[in-house]
Every structure is written in structure tokens, then in C-alpha cells.
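Down below is the structure, laid out as C-alpha cells.
The values are calculated or read from the model by the stated rules, or taken from the named source; none is laboratory data. Remember, it's a predicted structure, so these values are computed and weren't measured experimentally. Neighbour counts are summed over all protein chains in view; Cβ atoms, including those assigned to glycine, are modelled from backbone coordinates with ideal geometry. Areas reflect the complete protein model, heavy atoms only, side chains present, ligands, DNA and RNA absent. Shrake-Rupley method; radii C 1.70, N 1.55, O 1.52, S 1.80 Å.
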Amino acid sequence: MRQYPRLTVDMKKLRGNVRAVKKLCENAGIFPAFVIKGCNGIPEAIRAAAEEGAEMIGSSRLEQLRRAKEIAPDIERLMLRIPAPSEAADVVEVADISLVSSLEALEFLDTEAGKQHKKHQVILMADLGDLREGFWETDQLVQAAIYAEQKADNLILAGVGTNLGCYGAIDVTVEKMDELVQVAETVESAIGRRLKYISGGGTTSIPRVLAKDMHPRVNMLRIGEGWLSARDLEDIWHCTIPGVEKNAFILEAEISEIRDKASYPQGVIKCDAFGNVPTYEDRGIRKRAIASAGKVDYGYPEMLEPLEEGIEVLGASSDHTLLDIQEAKRELKIGDIVKFGMKYANTVFVTGREDIAKNIIE
Ligand SMILES: *Cc1c(COP(=O)(O)O)cnc(C)c1O
């Protein structure tokens, strides 16, 4: 096992972030499902959620929910990715509740739940314009709701939900939440009772809660990024959840070359290792370093944030990260370790790699 690159998991921060999200949501009358897919459902994240009293854990991946079942069997498990027919048996076995966007899925989940002598809860998804999963016509969603409520003996219609800011990059506005609640209330009048959940999205819905203009009937959010890497919310939406700390996950890499070199490539520029034609800024001769980790480890070098002043990420190939260290405060040498904060995308790559060492700080 390599010593580096290494992922450091700060359990104190993770636990604190769970508490902070829980408090924010609960003060707003919202039930939080803690989503673990942003760190590949590593055991530490499941443990942090469990230790801080999370009541529901969510993931888009069944193997992560299975791990949650082993580590924290008493916490309800939410399947986030709409189920494909071949997954029906596993979904019913590992998840207590799932997001569903078709009548077909209701049918196969109902059949499977019957076979396993279980009652499976479903949340019907409305597509409000982000163009990923969800019913497009409210009428079809209502028909599906009536089916789940009246015909599917082994299903429990738990609610209506939506997902925004994933494919279509649609912002969670007051209007979008109004639309969601309208769909839910149409379902409620069709089935003659109130729904348990109106599930208003993920971390990108947090700005509404912080602005205190979230629709009062939205009572569930499915939060991942907001307590895991906790960086995108701040960088993109310019808001922070009080008490949430960044850098619960840190990437550490070892320096393997240091040299003064030109900053502008010499020769005819064609394309890089990934077939792109990047642009380079000519800053003359600069002190540079290579760290032993690359795009294969963390995906996007431009999203890494060096945790040391004066170090700049220039770019990367599969296994090498190029750093400008001209302005570094310390005298770096080969074998030194540099640390990086990560965004959501980096974290999901790094936590998914078997060959990256792990350092858990309790
Ligand atoms: C991933 C996902 C979430 C959580 O998203 P974050 O941005 O990590 O909060 C919520 N709902 C669905 C359907 C998802 O796929």
C-alpha cells in the first residue's frame, strides 16, 4: 500500500457538519436525509452521520446503502437514483424508501416488495425543469400516486419530491418550490390525505433555508455536499451553513521533483494527455514542483485548493500534478507533503480509489 497520495478524514469536522446541517434543517421544520454518495459512502461518513443521530441516510448507489445497513442498521435508507428493473430486488432489500419517476418502477417495486414480504416507501419525483428524472406532466404523476396509494399493496406513498441543479443547472427559487408544493397538494387532494414528505432537493436548496424563504410545506431535504466537502455551496452560492467547516476531507501528495523551469511550453503546442489544447501564461522562469498524484486520483486539478499560501496548481496529467511554488512560504524539498482542499468532484474521485491511503483523525 502506498503511503501517498493520502486522504485525510477529519471525523470531528464531519460530525460537526452533520450537527450543523441537522440544526439548520430542524429549526426550519425540515427533515434531513444525509447523502453519502459524494464521498462514495466511505464508512467514516456513515459513522459520523450515525454518531450524530441522523435518521436517514441516502445514496444513489446500492452498495453504499448496503454498507450503511451493516454499519448503522437502525438508520432508514433512501435510494436516490431511480431504480432500473434489474435492481428491483436489491432496492427493496437494502433501501426502505426510494425516489421513483415511472409507473413501471412502481409496478416492479410493488411486485418485489410482495416477494420479500416488505412495505417499501416511495417518493414520486416531479421534473420542474432540470431535465433529469421526474414526471413531466403533473397529471401522470397524480395517476402514479393514485396507483401507489390504492393499487400497490406493498408500497407506501411517502411523498413527492424534485431534484434541481444537477443536469439543467436550474436554481432553486421560491417559484420552483411553490411549483413543487402545488404538485404535492394536487396529489394530496387526489388521495385525500396529507403526504409525509415534500422533498425539496439537495444542497442547492439550502440557500432558500438560509434566506428563510423556503416554502413552509417543504419538509425534507437530501443533503450531501453541504456536510461533506462543504465547499461548492460557499464558492458558487456564496452562503455557508453556520457551523459547517470545510476540509473534512483533505488530499495529501508527496513532492517528487522541484526545478526552475519555463512557464510556457517550448515547441509546437498540439494537445495534452487528455486530448485538450490548453492555454498557458508565460511568466518566465518559475520555481515548479511535481506532486505524485494526478487527474486519475482527483479528476479536476483546477478545483484543488492548496492549503498553503504561495502554492498554485498549474495543471495535471493522469498521475502528476504541476505546482508553481515560486511564492511558497516554506523552502519545499523533494519528499515534502503538500495538502489540498477539495471540491465535491475531487472528493468523489479520491474517496473512490482503492489505492489512495487513508488517514482518519478521530
Ligand atoms: C445526489 C443527490 C442528492 C444530494 O445532492 P448534494 O448536492 O450532494 O446535496 C439529492 N437528491 C438526489 C436525487 C441526488 O441524486
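Side notes on the structure shown:
- Subset of segment 249-274 that is small (Gly, Ala, Ser) and either in the same structural domain as Ile206 (by TED's automatic domain parsing) or open to solvent by 50 Å² or more (accessible area, probe 1.4 Å) (or both) - its residue that is nearest to the ligand (Cβ to nearest atom): Ala273
- Within segment 294-307, at least one residue is surrounded by fewer than 22 Cβ atoms within 10 Å (Cβ to Cβ), over 28 Å from Ala20 (Cα atoms) and within 16 Å of the ligand (Cβ to nearest atom).
- Tally, over segment 97-128, of residues that are in contact (Cβ under 8 Å) with a residue 24 or more places away in the chain and within 16 Å of the ligand (Cβ to nearest atom): 14
- Subset tally (residues that are under 30 Å from Leu304 (Cβ atoms) and in contact (Cβ under 8 Å) with a residue 60 or more places away in the chain) for segment 177-202: 1
- So Val9, is it within 14 Å of the ligand (Cβ to nearest atom), of a type in the set (Val, Ile, Thr) and buried (at least 18 other Cβ atoms within 10 Å of the Cβ): no
- Considering residues of segment 153-189 that are open to solvent by 70 Å² or more (accessible area, probe 1.4 Å) and among the small types (Gly, Ala, Ser) only, the residue farthest from the ligand (Cβ to nearest atom): Ser189
- Index of the failed condition, Asp235 passing every other in (1) outside any loop (DSSP other than H, G, I, E, B); (2) surrounded by 16 or more Cβ atoms within 10 Å (Cβ to Cβ); (3) within 14 Å of the ligand (Cβ to nearest atom): (2)
- Pair list, Cβ < 8 Å and 6+ apart or interchain, from segment 156-167 residues that are in the same structural domain as Thr203 (by TED's automatic domain parsing) to residues that are near the ligand (Cβ under 9 Å from one of its atoms) and open to solvent by 30 Å² or more (accessible area, probe 1.4 Å): Asn163/Arg132; Cys166/Arg132; Tyr167/Arg132
Yes/no per residue for (1) of a type in the set (Asp, Glu); (2) within 20 Å of Lys22 (Cα to Cα); (3) in contact (Cβ under 8 Å) with a residue 40 or more places away in the chain:
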{"site": "Thr204", "(1), (2), (3)": "no, yes, yes"}
{"site": "Val218", "(1), (2), (3)": "no, yes, yes"}
{"site": "Trp227", "(1), (2), (3)": "no, yes, yes"}
{"site": "Thr240", "(1), (2), (3)": "no, yes, no"}
{"site": "Val244", "(1), (2), (3)": "no, yes, yes"}
{"site": "Glu252", "(1), (2), (3)": "yes, no, yes"}
{"site": "Glu257", "(1), (2), (3)": "yes, no, yes"}
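- Residue match in segment 29-36 (condition: touching a strand residue (DSSP E or B) at 6+ places or on another chain (Cβ under 7 Å), of a type in the set (A, V, I, L, M) and assigned to a helix (DSSP H, G or I)): no
- Qualifying residues in segment 28-75 (those that are more than 13 Å from the chain's Cα centre (by Cα) and touching a residue at least 60 places away in the same chain (Cβ under 8 Å)) - the one nearest to Asp10 (Cα to Cα): Glu44
- Cβ-Cβ under 8 Å pairs, at least 6 apart or on other chains, segment 337-361 side in contact (Cβ under 8 Å) with a residue 40 or more places away in the chain and at negative phi, far side among the basic types (Lys, Arg) and part of a helix (DSSP H, G or I): Val348/Lys37; Ile361/Lys12
Here's the yes/no breakdown for (1) farther than 26 Å from Ala45 by Cβ; (2) not in a strand (DSSP E or B):
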position	(1), (2)
Leu251	no, no
Glu257	yes, no
Lys270	yes, yes
Lys287	yes, no
Ile290	yes, no
Ala293	no, yes
Gly315	yes, no
Leu322	yes, no
